[in-house]
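The values are calculated or read from the model by the stated rules, or taken from the named source; none is laboratory data. Just so it is clear, the structure is predicted and the values come from calculations on it, not from any experiment. Don't worry about glycine lacking a Cβ; one is built from the backbone with ideal geometry, like all the others, and counts go over all protein chains shown. Accessible surface areas use protein heavy atoms only, side chains included; no ligands, DNA or RNA. Shrake-Rupley method; radii C 1.70, N 1.55, O 1.52, S 1.80 Å.
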Amino acid sequence: MDNIGNKIGLALSGGGYRAAAYHVGTLRALRYLGLLDKVDVISSVSGGSIVVAYYLLHKDNFRLFLKDFNKKIHIGVMHLAYTNVFLFVSAFIAIGYVFGWAWSLLIIPVFWFLNFKLMPLSIWIRKQYDWHFFHGKTLSDLPDVPRAIINTTDVALASPFKFSKDRAWGFAYRDYRTGTDSFTGVNFPISLAVMASSCVPFAFNPIRMPEKFRKNKVSKLPLLVDGGLYDNQGVHEISEQTSEHYFTKYAIVSNAGNTELDDKKIWNIVKLLIKTSDILMKRIEKLQSRKIMFSSSNVESRFAYLSLTWDATDRLVRSFVWNIAQGLVPAEVYQEHGIEEGEAEAMRKHHQISKGYKSDDLERLMQKVKNSIGWDSLEHLRPNEEEVEIARDVCTGLDGLSKKKIYCLQKFSEWMTIVQVRMYLPNLLN
């Protein structure tokens, strides 16, 4: 919390191992800034959930966490899933070879109706999550502070379903006669919660909430898939003022998404379906970022937003100054950087008239901000163009990452986290 009791939140997006590596850099930067131990709530999705759960289980020894986690994401968790696919394809070929290819075609309708039973990939990945990261730990083993929120999406209701230390809940899954949740997170396996959070449609079978965690018969058992379908940035719960226990005044949003929309490689229906999913998720991301970062009506929260798709240049500072001109940065923030109210008002008036302002004014104010955040002192941390390209080219998946990719992702996020937090949340650092 800050010095007057306002909560600090951290949202970690999805993106498989790319996101897991990227968010480690964010955690490292927050520790450098002295903020990591002040975070009250961490909300995560998919790859973000992997790193959150592992970090919280080892938060008392951060250096060991860094060393071990980077070793672990160098190794993938898809081996059993690939073995399952290999055995299925081998069986298909064997049937065709022994009984004739006409007989092997019968497996197609069987596969259509029994796909998730013949290739229960989520089960195998969940087992490897447990062996590789969590070793039988449950949500009850997580610390009370910071509070973890592991986000999934409920298929039937198209709404979020969430896990924390002692809760498993969603808007529709409450007994309104007693005001209690219909499910519990007590002793819920971390590996299963993380699997549900990272259960990508088109690839893995959905997770049905186990009966043993139902507290009453009011609600049916939810069917859970990747939390990114509803909120791939994990920011929903900590940014909603109606979220009594989890709303945060200050939030750092670490977005490891690298989706660039185009019309290339759309060869068939499957490719188009995947592209359609990307469009929907990108639209949600844009709507959220506009609401939390670029809405003058959002006066209850303060956000620092860092995205893998943004440039690692002083364009970040230029955008900050433009946001002041458009009235999107609170006075308490820009005044921390030595920009006086008269300067801000002059910029706003000039912006209304000409939709911009003189370049010399822009450069002067940018220099003020740069001096305030120690821009030049961070030059050694800033990734070069090659490192940025390597980081952005990492695919979404759960295969092991090379040391070079891990290094580039973490360097990118560490630098950007420091810059954005110093610009947009300076009062937390005083």
>> Taking 35 Å as R0, compute the FRET efficiency from the Cβ-Cβ separation of Asp141 and Arg283 and round it to 0.05.
In response: 0.40
> Taking Cα centroids, how far is the stretch 175-232 from the stretch 1-50 in Å?
Replying inline: 23
>> Given a 1.4 angstrom probe, what's the average accessible area per residue across the stretch 359-425, in square angstrom?
In response: 47
>> For a Förster distance of 35 Å, can you work out the FRET efficiency between the beta-carbons of Phe92 and Ala156, rounded to the nearest 0.05?
In response: 0.60
> When each pair of different Cα atoms in the stretch 2-71 is counted once in the 1/r mean, what is the Kirkwood radius in angstroms, to one decimal?
Replying inline: 12.3
>> Ranking request for peptides 301-310, 388-397: highest mean number of other beta-carbon atoms within 10 Å first, then the rest in descending order.
In response: 301-310, 388-397
> Dividing the convex hull volume of the alpha carbon atoms of the stretch 169-262 by its residue count, what do you get in Å³ per residue?
Replying inline: 146
> Computed over the Cα atoms of the stretch 71-149, what is the convex hull's projected area averaged over all directions, in nm²?
Replying inline: 7.7
> Of Lys137/Lys403; Lys71/Lys370; Lys7/Lys370; Lys59/Lys249; Lys71/Lys220; Lys38/Lys71, which ones are farther than 31 Å apart at the Cα?
Replying inline: Lys71/Lys370; Lys71/Lys220
> If the limit is 27 Å between Cα atoms, which of Lys165/Lys217; Lys127/Lys165; Lys165/Lys404 go over it?
Replying inline: Lys165/Lys404
> Between the helical axis of 107-118 and the dominant principal axis of the chain, each derived from Cα atoms, what acute angle in degrees is found, rounded to the nearest 10?
Replying inline: 60
> Where in the stretch 153-176 does the label zone of Thr242 land, with the point 7 angstrom along Cα→C-beta and an amide N cut-off under 11 Å?
Replying inline: 171-172
> Remind me, relative contact order of the chain in percent, using alpha carbon pairs under 8 angstrom and six or more residues apart?
Replying inline: 22
> Using the alpha-carbon atoms, what tilt in degrees (0 to 90, nearest 10) does helix 16-32 show relative to the longest principal axis of the chain?
Replying inline: 40
> Each residue of the stretch 129-140 in order: what ³J(HN,Hα) in whole Hz does its phi give by Karplus 6.51 cos²θ - 1.76 cosθ + 1.60, θ = phi - 60°, with x for Gly and Pro?
Replying inline: 3, 5, 5, 8, 10, 10, 6, x, 5, 10, 4, 5
> Using helices alone, what [θ] at 222 nm do you get for the chain, with -39,500 (n - 2.57) per DSSP H run of 4 or more residues, divided over all residues and rounded to the nearest 500?
Replying inline: -14500 deg cm²/dmol
> Projected area of the chain, taken from the Cα convex hull and averaged over every viewing direction, in nm²?
Replying inline: 23.9
> Can you give me the relative contact order of the stretch 7-121 as a percent, contacts being Cα pairs under 8 Å and 6 or more apart?
Replying inline: 23
> In what sequence, highest mean first, do 39-48, 188-197, 137-146, 315-324 appear when ranked by Cβ atoms within 10 angstrom?
Replying inline: 39-48, 188-197, 315-324, 137-146
> What translational diffusion coefficient, in µm²/s and rounded to a whole number, does the Stokes-Einstein relation yield for the stretch 1-158 at 25 °C and a viscosity of 0.890 mPa s, taking the hydrodynamic radius as the Kirkwood radius over Cα pairs?
Replying inline: 134
>> Please compute, over every Cα-Cα pair in the stretch 308-417, the percentage with a separation greater than 23 angstrom.
In response: 42
> What is the spin-label model distance, in nm, from Asp37 to Lys71 if the labels are put 7 Å beyond Cα along the C-beta direction?
Replying inline: 2.6
>> Can you compute the FRET efficiency between His79 and Gln335 using 1/(1 + (r/R0)^6), with r the Cβ-Cβ distance and R0 = 45 Å? Round to the nearest 0.05.
In response: 0.25
>> So for the stretch 99-187, averaging the separation of alpha carbon pairs under 8 Å that are six or more residues apart and normalising by length, what relative contact order in percent results?
In response: 19
>> For q values of 0.21, 0.24, 0.26 Å⁻¹, compute log₁₀ I(q)/I(0) with the Debye formula on a Cα-only model of the stretch 145-214, without solvent.
In response: -0.93, -1.18, -1.34
> Mind ordering 362-372, 222-232 by average Cβ neighbours within 10 Å, highest first?
Replying inline: 222-232, 362-372
>> Need one value: the accessible area of Phe183 in square angstrom, 1.4 angstrom probe, rounded to the nearest 10.
In response: 0
> In degrees from 0 to 90, rounded to the nearest 10, what is the angle of the helix 315-325 Cα long axis to the longest principal axis of the chain?
Replying inline: 60
